[in-house]
Amino acid sequence: MLRISVDKVEGETTMLRLDGQVTGRWVKLLQGMCDAESKEGSQLTIDMRNVSFADRDGIALLRNLRDRRIEILNALPFIAEQIKREG
């Protein structure tokens with residue numbers, strides 16, 4: 001399960017706070033929310049302080065978000081290292 005909380009500062013930044021695991025169907029949910037928030041034109045940041053696990057698809061999405069210059073904060077060291085690695 002993944003809970004996504006949205007904190008917005010209008011015209012400046014949007015922070016998505018994640019709680020749970022970035023796995024399975026929750027990957028598509030996160031992708032959809034990131035796509036929608038990015039279209040609004042504000043800077044997007046993802047706080048992963050309360051994420052305990054990300055599966056292969058979750059890591060691929062997080063890499064893609066990083067490549068799109070979306071800031072990813074507070075990832076567990078193991079998850080952060082997987083995001084850094086290519087392929």
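Among the residues of segment 29-64, which ones are closer than 17 Å to ASP19 by Cβ and hydrophobic (A, V, I, L, M, F, W, C)?
Answer for segment 29-64, where residues must be closer than 17 Å to ASP19 by Cβ and hydrophobic (A, V, I, L, M, F, W, C): LEU29, LEU30, MET33, CYS34, ILE46, MET48, VAL51, PHE53, ALA54, LEU61, LEU62.
Give the residues of segment 61-87 that are assigned to a helix (DSSP H, G or I), under 20 Å from GLN31 (Cβ atoms) and among the hydrophobic types (A, V, I, L, M, F, W, C), sorted by residue number.
Listed by number, the residues that qualify are LEU61, LEU62, LEU65, ILE79, ALA80, ILE83.
Looking at segment 26-52, which of the residues that are in a strand (DSSP E or B) and hydroxyl-bearing (Ser, Thr, Tyr) is surrounded by the fewest Cβ atoms within 10 Å (Cβ to Cβ)? Steps first, please.
Restricting attention to segment 26-52, the residues satisfying the condition of being in a strand (DSSP E or B) are 43-52.
From the residues that got through so far, the ones that are hydroxyl-bearing (Ser, Thr, Tyr) too are 45, 52.
Values: THR45: 16, SER52: 11.
Restricting to residues being in a strand (DSSP E or B) and hydroxyl-bearing (Ser, Thr, Tyr), the top hit is SER52.
Yes/no matrix, rows are residues, columns are (1) of a type in the set (A, V, I, L, M); (2) in contact (Cβ under 8 Å) with a residue 24 or more places away in the chain; (3) touching a Cys at 6+ places or on another chain (Cβ under 9 Å); (4) crowded, with 17+ Cβ neighbours inside 10 Å:
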position	(1), (2), (3), (4)
ASP7	no, no, no, no
GLY11	no, yes, no, no
GLY20	no, yes, no, no
GLY24	no, yes, no, no
LEU62	yes, yes, no, yes
GLU71	no, yes, no, no
GLN82	no, yes, no, yes
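How about segment 2-25: which of its residues are in a strand (DSSP E or B) and either modelled with pLDDT under 95 or of a type in the set (A, V, I, L, M, F, W, C) (or both)?
The answer is LEU2, ILE4, VAL6, ASP7, LYS8, VAL9, THR13, THR14, MET15, LEU16, LEU18, VAL22.
The values are calculated or read from the model by the stated rules, or taken from the named source; none is laboratory data. Because the structure is a prediction, the values reported are computed rather than measured. When we count neighbours, we look across all protein chains shown, and the Cβ atoms used for this are built from the backbone with ideal geometry, even at glycine.
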